[in-house]
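Below is one structure, written out as structure tokens, with a few remarks after it.
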Amino acid sequence: MIFDRTSFDRYLSAHRERFLRELAELVAIPSVTAQKRGIQECADAVQKRLEAVDARVQQIPTPNNGSPVVFAEIGQGKRTLLIYDHYDVQPEDPVELWDSSPFEVRQENGVLYGRGIADNKGDLMSRIQALETWQQTQGDLPLKIKFVVEGEEEIGSVNLHGWVDENKHLLDADGVLWEGANYDEDGTYRVAQGCKGIAYLELRTRRGPAYDLHSSRAPMVENPAWRLVWALSTLKDTNDNITLDGYADHLYKFEDSIYNQVDHLPFEGDKKRELWGLDRWVNDMDDATARRRYFFEPTLTICGLESGYTGTGAKTIIPSHAMVKLDFRLVPHLTPELVQDLLRKHLDRRGFQDIEIINLGGENPSMLQVGDTAIKRAALEAYQQGLGLVPVVEPWMRGSGPIYALSDHINVPVICAGTLWHPNSRAHAPNENILEKDYFDNMRLVAALIAAFAANA
């Protein structure tokens with residue numbers, strides 16, 4: 001079918017300020033799921049926005065009294081497009097590093113700042129507003145659209161798998177449009193068909209004093225901080241190789257065509273290092289090696305350490321506890337459950353039975369549904385017809401998300417497509433932002449994708 005871009009753009013221009021106000025209203029709700037703040041209020045706000053475009057909306061509980069999923073249906077047609085987004089956001093800390101209030105959208109020089117505006121409220125609102133604009137300028141939707149908007153993505157979508165199991169009857173679809181995508185330092189847009197998995201674990205040890213002790217007792221008192229350091233030193237060597245027992249036995253060998261596809265993707269290593277403030281890659285590797293590792297290798301990252309005194313000046317103590325937060329990015333054959341089991345056995349073999357492992361969430365990798373699919377073809381056509389762009393197709397994102405719960409679990413192909421994540425959008429960090437131009441381009445992309453996906457049914 002033909003997408004009338006002229007009338008669509010005219011409506012966007014006429015309602016530009018209202019659309020930005022609606023986005024700001026959603027960002028203003030501090031829906032920090034890790035702290036159980038603002039979740040129900042935000043779910044209600046999302047439901048209200050979807051009902052405003054005549055969607056049939058319900059909030060469906062998740063297992064374990066988790067955050068509700070906002071599920072909506074709108075339109076009719078031969079094809080069904082399932083759209084995934086989330087309404088929860090990361091904590092705003094450290095607040096002192098923000099240049100403005102995290103939950104008040106600040107507009108400056110064409111940039112919109114606010115917690116969750118890139119990840120993921122900008123994407124969610126622009127898609128809903130794209131449907132409104134379609135209805136007002138193109139008429140009825142040419143296909144059925146279903147929304148699955150969850151409230152626990154930022155804590156690992158801990159209840160989404162169970163929710164999908166309980167609600168599979170609602171999820172029949174021909175393709176999944178996942179939350180967002182990014183473009184590079186050189187303006188290259190990227191779409192992906194999956195993502196790595198993740199295991200997020202916390203390690204704690206209290207093998208030491210019951211309370212912080214004067215450090216003069218160190219010759220005869222165990223130090224939990226040193227104990228944790230010694231345990232961590234067994235997990236990686238100084239060349240950045242993961243040395244967790246059994247980890248390498250589960251690595252996946254991809255087809256040569258996938259390696260070849262990745263080897264020919266643009267990378268722009270110099271620009272990445274400049275943007276991230278780096279002089280070199282780890283181990284002084286070249287860009288080709290870095291690109292391969294980025295796509296194909298699992299990771300083990302120390303995300304944060306806590307122990308003892310870290311304030312101003314000196315305080316001579318033996319700390320009473322030590323803690324580290326780790327994330328593992330996973331490739332096929334590695335699951336969160338397997339990684340936790342391997343880690344437990346690894347530590348026990350070395351006498352670290354006292355170190356407690358706390359599971360803070362995880363996702364299986366979704367990296368095997370690559371190839372030519374109808375939703376991928378529609379997305380590529382949408383970039384060309386809606387924005388005049390030719391994106392690069394990647395097999396998967398290097399980040400993680402609950403794609404497995406929907407795409408692999410219900411056997412529906414997925415595409416990650418969008419315009420909001422620019423190279424310095426700072427998702428999860430202070431001064432998170434999107435470009436105002438990109439916000440409205442995302443609406444054009446959604447409309448063009450709807451037209452392309454429906455036309456090829």
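Bear in mind these aren't lab numbers, they're just calculated from the coordinates by the rules spelled out. As the structure is a computational prediction, the values presented were derived from the model and not from experiment. Here Cβ is always computed from backbone atoms with ideal geometry, including for glycine, and neighbour counts include all displayed protein chains.
A few remarks follow.
- Cα centroid separation - segment 151-219 against segment 81-127, whole Å: 18 Å
- Residue pairs exceeding 18 angstrom between C-alpha atoms, taken from Lys121/Lys144; Lys253/Lys376; Lys48/Lys437; Lys78/Lys144; Lys48/Lys121: Lys121/Lys144; Lys253/Lys376; Lys48/Lys437.
- In terms of surrounding Cβ atoms within a 10 Å radius of their Cβ, Trp230, Trp98 rank from fewest to most as Trp230, Trp98.
- Kirkwood Rh (inverse of mean 1/r, distinct Cα pairs), segment 70-125, angstrom: 13.7 Å
- With the convex hull drawn around the C-alpha atoms of the chain, the volume per residue stands at 156 Å³.
- Cα-based equivalent ellipsoid, segment 254-328: semi-axes from gyration tensor eigenvalues, Å: 38, 17, 8
- Arranged from fewest to most other beta-carbon atoms within 10 Å of their beta carbon, Tyr247, Tyr211, Tyr439 become Tyr211, Tyr247, Tyr439.
- Remark: Thr335, Thr205 ranked as Thr335, Thr205, counting other beta-carbon atoms within 10 Å and listing the fewest first.
- Put simply, segment 196-308 fits an ellipsoid with semi-axes of 38, 18, 11 Å; these come from the alpha carbon gyration tensor as the roots of five times its eigenvalues, largest first.
- Centre separation in Å (Cα based) which lies between segment 394-414 and segment 1-26: 29 Å
- P(r) for segment 326-457, from all Cα pairs and a bin width of 5 Å, is 2, 9, 14, 15, 16, 14, 11, 7, 5, 3, 3, 1, 0 %, short bins first.
- Segment 367-430, relative contact order [Cα under 8 Å, separation at least 6], %: 37 percent
- Separation of alpha-carbon centers, segment 52-71 and segment 277-314, rounded to whole Å: 38 Å
- Restricting segment 226-310 to trypsin sites (Lys or Arg not before Pro) in coil, as DSSP defines it, with at most 14 other Cβ within 10 Å: Lys253, Arg280
- Among beta bridges identified by DSSP and lying wholly in the chain, the antiparallel ones come to about 70 percent.
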